[in-house]
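So the structure is just underneath, and the comments pick up after that.
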Amino acid sequence: MQPDLLNQILVRFLKEEAGCFGFKKAVLGLSGGVDSAVSCALAAQAFGPENVLAVMMPYTTSHPDSLNHAHLCAEALGVRTKIVPIGDMVDGYANQEGLEDPTRRGNIMARARMVVLYDQSAAESGLVIGTSNKTEILLGYSTQFGDGASALNPLGDLYKHQVFQLARHLDLPTEIVDKAPSADLFEGQSDEADLGFTYAEADEALFRMIEERWSMEELLEHGFERAFIEKLQWRVTINHYKRLPPIIAKVTSRSFLTDFRYLRCRDH
Amino acid sequence: MKTAVRLIQCNSRLGDWEHNKSMHQEAIDAAVRNGKQLVMFPELSMTGYFLKDQAHEQALSRDAEELEFLCEASKSISILAGFVERGRDGRIYNSMGFFEDGMLLSVHRKVHLVTYGMFEDGRDFAPGQVFEPVRSKHGIFGIMTCEDMWHIGGAYLYFLDGVDALLVASASPGRGISAAGASEGEPGMASNRTWKTIQDHACLLFQTPVLYANRVGFEDGIIFGGATRALDASANEMGYLDSLDEGHLDVELSRALLERTRAITPLRRDERPELFAAELTRRNQGEQA
């Protein structure tokens, strides 16, 4: 990978795509993890740090390191920050429903953060910058309309290991780059434990499956375990809905996307 | 005879005719001021590329009033610019217009529409049917639009015509910067490396200068790769824009150099088009059988 060229392209992307819709500011959730740190650094380069609002949204059970690392990152980049704890928002609904299922609770946290970001986006007249990478989008390891929601996503076509490479290139704090990835939706959570494999393993296999379009035969020949590949395939397939807009019943003569085909309208 | 050419690497705005018109006018005026004789723009330079349903909304007949400013400007300089053409029968084409001496002298309709991967040309446009060189006062040129160059036929036909240069207009996305595997470690985008290889080959096989103008900028997250480039008939690089910024490349086409190159290694003289034609016919019959 050529991190300098990639960095340049992603900054141009943010600047041009936001600019042509008349936006000069960005809002994003800064979690203390590597993905949002990279998005934040790119946004700071594209819009200037003073035009980036990094919102930190801890829940009551979030690991204190997360907030500390987010501060570390924001300070290093010089972006503006705002802390919006989401404990009351989440608990208000979760307690009313008597919710204990950690997946449901996690999804509510992710969507509560989306609500905060889009509100801050309106207050700031800034676009919400996404932080989801290609690996997690492929695996569906994200919450629909939660952390998956954004206006512009510079990382969505980068595998996790490429995000790490970019993070090192961007000289982000080592505390962030070197720690184990975690969605931090509950105590002690680890992405890799949740998924049952490492990002390094997933990235290599997904790269062969998606970019290189290898067949199962070729993947097995290369040394991948069949069960592992089947697990990835299953995740990619069942989560495809998260990558698409909602299904609209097509009843008129011109339906969105199928025969009403336009790129986003540009306001210069 | 020498011809001063300027290749424009621009960022057209999708569907924004007025903006693109000003951009063309400014670039043309500057080229005239700088003594250029021919200025070439990328594919669909007047409209932007991923038009989808806008294709027919942007379409113009060859005698449309909107193209008048290019005719007018061509009294001072020859111009190659891209637009969506509406044929008399209603078919829509991805066209490059060659404007000279106050008129639209010639139109190349993209022959090889690209309809795979991220591309939908074949859905929005009808394919051009001919590779007809334009006979300009500056020489005979073979115009090709992007994918036209990925097939050997067009460049070969222009080679038989003895064109003085291939003018290749492109709206080619830049991709493959993050790819692991074979391209790992090689600088730049994989797509631009491929373009260079294709240009070099066409140039060397057909002893024809290649002038390649590509776009920059984004359309819905797709980046256009720039890499505007010019080669003389021996594939020596006359210029290369290694940048994702808008800009231009100034080169000079030399008739003397072209003639010398073709005299030293007489590929056209030794080419056997009649054999090729017979072989094509034989295979074509075989395919139909």
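The values are calculated or read from the model by the stated rules, or taken from the named source; none is laboratory data. Here the structure is a predicted model, which is why all the values come from computation and not from measurement. Backbone-built Cβ (ideal geometry, glycine too); neighbour counts: all protein chains shown. Quick note on the areas: whole protein, heavy atoms, side chains included, nothing else; ligands and nucleic acids left out. Shrake-Rupley method; radii C 1.70, N 1.55, O 1.52, S 1.80 Å.
Observations, loosely collected:
- For the listed residue pairs B:K21/B:K75; A:K82/A:K134; B:K21/B:K110; B:K75/B:K196; A:K24/B:K52, the alpha carbons are over 25 angstrom apart in A:K82/A:K134; B:K75/B:K196; A:K24/B:K52.
- For chain B, the Cα gyration tensor yields ellipsoid semi-axes of 27, 23, 22 Å (square root of five times each eigenvalue, largest first, whole Å).
- Per atom type, chain B shows carbon and sulfur on 50% of its accessible surface, probed at 1.4 Å.
- Look at the dipole of chain A built from charges on Cβ: of A:C20, A:V251, A:M1, the Cα furthest out on the positive end belongs to A:V251.
- Per residue accessible area of segment B:56-137, 1.4 Å probe, in Å²: 47
- Alpha carbon Rg of segment A:1-58, scaled by the compact-globule rule 2.2 N^0.38 Å: 1.13
- Selection of GluC sites (Glu not before Pro), segment B:197-270, meeting DSSP coil and at most 15 other Cβ within 10 Å: none
- Residue-normalised accessible area of segment A:3-191, expressed per residue, 1.4 Å probe, Å²: 41
- Counting only heavy atoms of the protein chains and using a 1.4 Å probe, B:Y212 has close to 0 Å² of accessible surface.
- Threshold 50 Å², segment B:50-78 residues less accessible with all protein chains present than alone (1.4 Å probe): B:K52, B:D53
- Given a 1.4 Å probe and the protein chains as shown, B:I140 ends up with an accessible area of around 40 Å².
- Nearest-10 value in Å² for the accessible area of A:T135, using the 1.4 Å probe: 0
- Charge dipole (debye, nearest 20) of chain A; +1 at Cβ of Lys and Arg, -1 at Cβ of Asp and Glu: 1220
- Taken about its Cα centre, segment B:1-71 carries a charge dipole of roughly 520 debye when the Cβ of each Lys and Arg holds +1 and the Cβ of each Asp and Glu holds -1.
- Dipole of segment A:119-210, positive end: most advanced residue of A:L127, A:S182, A:G146 [Cβ charges, Cα centre]: A:L127
- In segment B:210-289, inverting the average of 1/r over every pair of distinct C-alpha atoms gives 16.3 Å as the Kirkwood radius.
- Protein-protein interface of segment A:3-51, residues with accessible area decrease of at least 20 Å², isolated chain reference, 1.4 Å probe: A:L5, A:L6, A:I9, A:R12, A:F13, A:E16, A:E17
- Scanning residues 5 or more positions from B:M144 or on other chains, those with amide H under 5 Å from its amide H are B:L167, B:V168, B:A169, with H placed 1.01 Å from N in the peptide plane.
- Interface residues of segment A:245-267, defined as those with an accessible-area decrease of at least 30 Å² between the chain by itself and the complete set of protein chains (probe 1.4 Å), are A:R261, A:Y262, A:L263, A:R264, A:R266.
- Selection from A:G78, A:G98, A:V115, by position along the positive dipole direction of segment A:48-174 (Cβ): A:G78
- The alpha carbons of the protein assembly as shown stretch over 82, 53, 51 Å along the principal axes, in descending order.
- The charge dipole of the protein assembly as shown, taken about its Cα centre with unit charges on the Cβ of Lys, Arg, Asp and Glu (plus for the first two, minus for the last two), comes to roughly 1380 debye.
- Evaluated at q = 0.12, 0.17, 0.19, 0.20 Å⁻¹, a Debye calculation over the C-alpha positions of segment A:114-268 (equal weights, vacuum) places log10 I(q)/I(0) at -0.69, -1.19, -1.34, -1.40.
- Put the Cα centre of segment B:76-149 next to the Cα centre of segment B:226-289 and the gap is 18 Å.
- Counting DSSP beta bridges with both ends in the protein assembly as shown, the antiparallel % (nearest 5): 55
- Summed buried accessible area for B+A [probe radius 1.4 Å, Å², rounded to 100]: 2400
- The orientation-averaged shadow of the Cα convex hull for segment A:3-191, equal to a quarter of the hull surface, comes to 9.6 nm².
- With a 1.4 Å probe rolled over the protein heavy atoms of all chains, the accessible area of A:I247, A:I238, B:I77 falls in the order A:I247, A:I238, B:I77, largest first.
- Solvent exposure ordering (accessible area, 1.4 Å, most first) of A:W234, A:W214, B:W150: A:W234, B:W150, A:W214
- Chain A - percent of accessible surface contributed by carbon and sulfur, probe 1.4 Å: 53
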